[in-house]
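Peer 1: Below is the structure I would like to discuss, written out as structure tokens.
The values are calculated or read from the model by the stated rules, or taken from the named source; none is laboratory data. Keep in mind that what you see is a predicted model, and the values were worked out from it rather than measured. Neighbour counts run over all protein chains shown; Cβ positions are idealised from the backbone, glycine included. The accessibility values were calculated without ligands, DNA or RNA, using every heavy atom of the protein model including side chains. Shrake-Rupley method; radii C 1.70, N 1.55, O 1.52, S 1.80 Å.
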Amino acid sequence: MSAIRNDWTREEILEVYNRPLMELLYEAAGVHRMHHDPNTVQVSTLLSIKTGGCPEDCGYCPQAARYHTDIEGNELMSVSQVKAQALRAKASGSSRVCMGAAWRNVKDGPEFDNVLEMVRTINKLDMEVCCTLGMLTENQARRLAEAGLYAYNHNLDTSEDYYKDVISTRAFEDRLETIGNVRKTNVTVCSGGIIGMGEGVEDRAGMLVALSTLSPQPESVPINALVAVPGTPMEEMEPVSIWEMVRMVATTRIVMPETQVRLSAGRTQMSPEGQALCFFAGANSIFAGDKLLTTPNPDVAEDMELFRQLGLQPQKPFVKKAQPRTVEAAESELEPLGEKPRWSRPGHTIPRNQEARAGKKQ
Ligand code: SF4
């Protein structure tokens, strides 16, 4: 087994990323086989439980209220709606449901109580439950853990240097603090990023430094290719090539051998052969369902046909870690604390975000 290293440097990661492709693929595939069953891929369904109207200014995101996109916002879904969707996801082969809410941070109150109930409900369906709800305090992380949450997603998005060119409403350190709060519980960490936002390869390496030097490393790392949505500040970005995606997946696999590397947004722009190369390079997780929050994703039937062609099997739930126990709301020992943490708000100027807000690009 190759050892887990938490001391990767940017230079070392760049050296891996820039290797001749066949060498990079050969090594990544070898590391993958040492730590995972290469014929098993974890399938997650991403459910947008509260869409749009977000106060943040993430330059890639059509859900930010300030940009002029065609997103139809909706209020928080009900527990019964979520349960129905989770049952559908389970029937079509997903082992995990990831619930996303377009919030800056979690606030104690009836909406969070409903999310806790959704977590309990899905865990009782014997599926892994993940949430992505924005920034989170330690007490909120503990309450999610007590409800039976399996994973919390909180992406670093890019390198610390380039973060300032993407988002001005919060800082990179806030992300690390939330991940730290999740780490104080038994909930696993899912954190990755997006390529194709105009960053350099140094930034891709920088993001992998930030993730791989976390100890322990995240159990799951989604690698997204930007889906450039009209009306967002990044609407004119060129799509990333499959070779960049393969290099990113292979490098992630080498620097984080035990992590589940998830091929996330941008799969509709990839051919079946391109996706197969990503699986060979160490990707072992995908998002299923025809939508990823708000952007298109391959149809489940197409994915299952690809699995059939490649001889891949969907991973069963709780293979990597035991199912958490759910504590019912009435038996909970944790109270909402009504905290109002001062998450940062740098507020610096990002010209393309401001132009998109003013609608100048339309
Ligand atoms: S990525 Fe999340 S936090 Fe950023 S604008 Fe979109 S919904 Fe809001």
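Peer 1: If you go through region 49-90 one residue at a time, how many are open to solvent by less than 60 Å² (accessible area, probe 1.4 Å), modelled with pLDDT of 90 or more and either within 16 Å of the ligand (Cβ to nearest atom) or touching a helix residue (DSSP H, G or I) at 6+ places or on another chain (Cβ under 6 Å) (or both)?
Peer 2: Restricting attention to region 49-90, the residues satisfying the condition of being open to solvent by less than 60 Å² (accessible area, probe 1.4 Å) are 49-54, 56-64, 66-67, 69, 71, 73, 76-79, 82, 84, 86, 89.
Filter again for modelled with pLDDT of 90 or more, leaving 49-54, 56-64, 66-67, 69, 76-79, 82, 84, 86, 89.
Right, trim to either within 16 Å of the ligand (Cβ to nearest atom) or touching a helix residue (DSSP H, G or I) at 6+ places or on another chain (Cβ under 6 Å) (or both) and you get 49-54, 56-64, 66-67, 69, 76-77, 79, 82, 86.
Number of matching residues: 23.
Peer 1: Given (1) within 16 Å of the ligand (Cβ to nearest atom); (2) in a loop (DSSP other than H, G, I, E, B), where does residue 46 come up short, assuming only one miss?
Peer 2: Failed condition: (2).
Peer 1: Could you please let me know if residue 220 is at pLDDT below 95 and among the polar types (S, T, N, Q)?
Peer 2: Values: at pLDDT below 95: no; among the polar types (S, T, N, Q): yes.
No: the conditions fail for residue 220.
Peer 1: Looking at this structure, is residue 119 open to solvent by less than 20 Å² (accessible area, probe 1.4 Å), assigned to a strand (DSSP E or B), of a type in the set (Val, Ile, Thr) and away from the ligand (no atom under 16 Å from the Cβ)? Lay out the reasoning, then the answer.
Peer 2: On the way: open to solvent by less than 20 Å² (accessible area, probe 1.4 Å): yes; assigned to a strand (DSSP E or B): no; of a type in the set (Val, Ile, Thr): yes; away from the ligand (no atom under 16 Å from the Cβ): yes.
Considered against the rule, which asks whether it is open to solvent by less than 20 Å² (accessible area, probe 1.4 Å), assigned to a strand (DSSP E or B), of a type in the set (Val, Ile, Thr) and away from the ligand (no atom under 16 Å from the Cβ), residue 119 comes out as no.
Peer 1: Identify, please: which residue in region 122-133 is part of a loop (DSSP other than H, G, I, E, B) and open to solvent by 10 Å² or more (accessible area, probe 1.4 Å) and is, among those, farthest from the ligand (Cβ to nearest atom)? Step through it out loud before you land on a result.
Peer 2: If we filter region 122-133 for residues that are part of a loop (DSSP other than H, G, I, E, B), which is where we start, we get 125-127, 133.
Filter again for open to solvent by 10 Å² or more (accessible area, probe 1.4 Å), leaving 125-126.
Values: 125: 26, 126: 29 Å.
Across region 122-133, the extreme among qualifying residues is 126.
Peer 1: Return the residues of region 91-111 that are outside any loop (DSSP other than H, G, I, E, B) and within 16 Å of the ligand (Cβ to nearest atom); say none if nothing qualifies. Before you say what the answer is, go through the steps one by one.
Peer 2: From region 91-111, those outside any loop (DSSP other than H, G, I, E, B) are 91, 96-101, 105, 110-111; that's our starting set.
Answer for region 91-111, where residues must be outside any loop (DSSP other than H, G, I, E, B) and within 16 Å of the ligand (Cβ to nearest atom): 98, 99, 100, 101, 105, 111.
Peer 1: Please go through (1) in a loop (DSSP other than H, G, I, E, B); (2) free of Cβ contacts under 8 Å to residues at least 12 places away in the same chain for residue 71 and return the number of the only condition it doesn't satisfy.
Peer 2: (2)
Peer 1: Further question on the same structure: Give me the helices (runs of 4 or more DSSP H) completely within region 197-310, filtered to those with at least 3 residues that are of a type in the set (A, V, I, L, M) and within 25 Å of residue 103 (Cα to Cα), ordered by residue number.
Peer 2: Details: elements: 201-212, 242-255, 272-280, 300-310.
Helices (runs of 4 or more DSSP H) meeting the threshold: 201-212.
Peer 1: Can you pull out every residue in region 134-160 that is touching a Gly at 6+ places or on another chain (Cβ under 6 Å) and over 21 Å from residue 321 (Cβ atoms)?
Peer 2: Pass one, region 134-160, residues touching a Gly at 6+ places or on another chain (Cβ under 6 Å): 155-159.
If the condition is that a residue be touching a Gly at 6+ places or on another chain (Cβ under 6 Å) and over 21 Å from residue 321 (Cβ atoms), then 156, 157, 158, 159 are the ones that fit.
Peer 1: Of these, 139, 114, which one is more than 30 Å from residue 314 (Cβ to Cβ), open to solvent by 10 Å² or more (accessible area, probe 1.4 Å) and away from the ligand (no atom under 16 Å from the Cβ)? If you could, list the steps in order and put the result at the bottom.
Peer 2: Numbers: 114 fails: more than 30 Å from residue 314 (Cβ to Cβ).
Only one candidate passes the filter, namely 139.
The rows are residues; the columns are (1) more than 17 Å from the chain's Cα centre (by Cα); (2) within 29 Å of residue 104 (Cβ to Cβ); (3) of a type in the set (A, V, I, L, M, F, W, C).
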site: 258; (1), (2), (3): no, no, no
site: 264; (1), (2), (3): no, yes, no
site: 282; (1), (2), (3): no, no, no
site: 289; (1), (2), (3): no, yes, no
site: 300; (1), (2), (3): yes, no, yes
site: 314; (1), (2), (3): yes, no, no
site: 326; (1), (2), (3): yes, yes, no
site: 331; (1), (2), (3): yes, no, no
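Peer 1: In addition: Yes or no: region 33-42 includes at least one residue that is within 16 Å of the ligand (Cβ to nearest atom) and open to solvent by 10 Å² or more (accessible area, probe 1.4 Å). Spell out the reasoning first.
Peer 2: Just the residues of region 33-42 that are within 16 Å of the ligand (Cβ to nearest atom), to begin with: none.
Looking for residues that are within 16 Å of the ligand (Cβ to nearest atom) and open to solvent by 10 Å² or more (accessible area, probe 1.4 Å), one finds none in region 33-42, hence no.
Peer 1: Please specify each residue of region 221-277 satisfying the condition of being open to solvent by less than 50 Å² (accessible area, probe 1.4 Å) and of a type in the set (Gly, Ala, Ser).
Peer 2: Result: 225, 228, 231, 241, 250, 264, 265, 266, 274, 276.
Peer 1: Go through region 142-165 and count every residue that is part of a loop (DSSP other than H, G, I, E, B), within 16 Å of the ligand (Cβ to nearest atom) and either open to solvent by 10 Å² or more (accessible area, probe 1.4 Å) or touching a Ser or Thr at 6+ places or on another chain (Cβ under 6 Å) (or both).
Peer 2: Our first condition is that a residue be part of a loop (DSSP other than H, G, I, E, B); within region 142-165, this holds for 148-150, 154-156, 158-159, 164-165.
Filter once more, keeping what is within 16 Å of the ligand (Cβ to nearest atom): 154-156, 158, 164-165.
The next check asks that each one be either open to solvent by 10 Å² or more (accessible area, probe 1.4 Å) or touching a Ser or Thr at 6+ places or on another chain (Cβ under 6 Å) (or both); those that pass are 154-156, 164-165.
Counting residues in region 142-165 that are part of a loop (DSSP other than H, G, I, E, B), within 16 Å of the ligand (Cβ to nearest atom) and either open to solvent by 10 Å² or more (accessible area, probe 1.4 Å) or touching a Ser or Thr at 6+ places or on another chain (Cβ under 6 Å) (or both) gives 5.
Peer 1: Quick one: which residue in 23, 27 is assigned to a helix (DSSP H, G or I), more than 21 Å from the chain's Cα centre (by Cα), more than 18 Å from residue 258 (Cβ to Cβ) and of a type in the set (Asp, Glu)? Reasoning before the result, please.
Peer 2: Values: 27 fails: more than 18 Å from residue 258 (Cβ to Cβ).
Result: 23 is the single residue among 23, 27 that is assigned to a helix (DSSP H, G or I), more than 21 Å from the chain's Cα centre (by Cα), more than 18 Å from residue 258 (Cβ to Cβ) and of a type in the set (Asp, Glu).
Peer 1: Test residue 27 against the stated conditions and say whether it is touching a residue at least 60 places away in the same chain (Cβ under 8 Å), over 21 Å from residue 156 (Cα atoms) and among the charged types (D, E, K, R). Give the steps one after another, and end with the answer.
Peer 2: Details: touching a residue at least 60 places away in the same chain (Cβ under 8 Å): yes; over 21 Å from residue 156 (Cα atoms): yes; among the charged types (D, E, K, R): yes.
For residue 27, the condition - touching a residue at least 60 places away in the same chain (Cβ under 8 Å), over 21 Å from residue 156 (Cα atoms) and among the charged types (D, E, K, R) - is met.
Peer 1: Looking at this structure, is residue 306 at pLDDT 95 or above and surrounded by 14 or more Cβ atoms within 10 Å (Cβ to Cβ)? Spell out the reasoning first.
Peer 2: Working: at pLDDT 95 or above: no; surrounded by 14 or more Cβ atoms within 10 Å (Cβ to Cβ): yes.
No.
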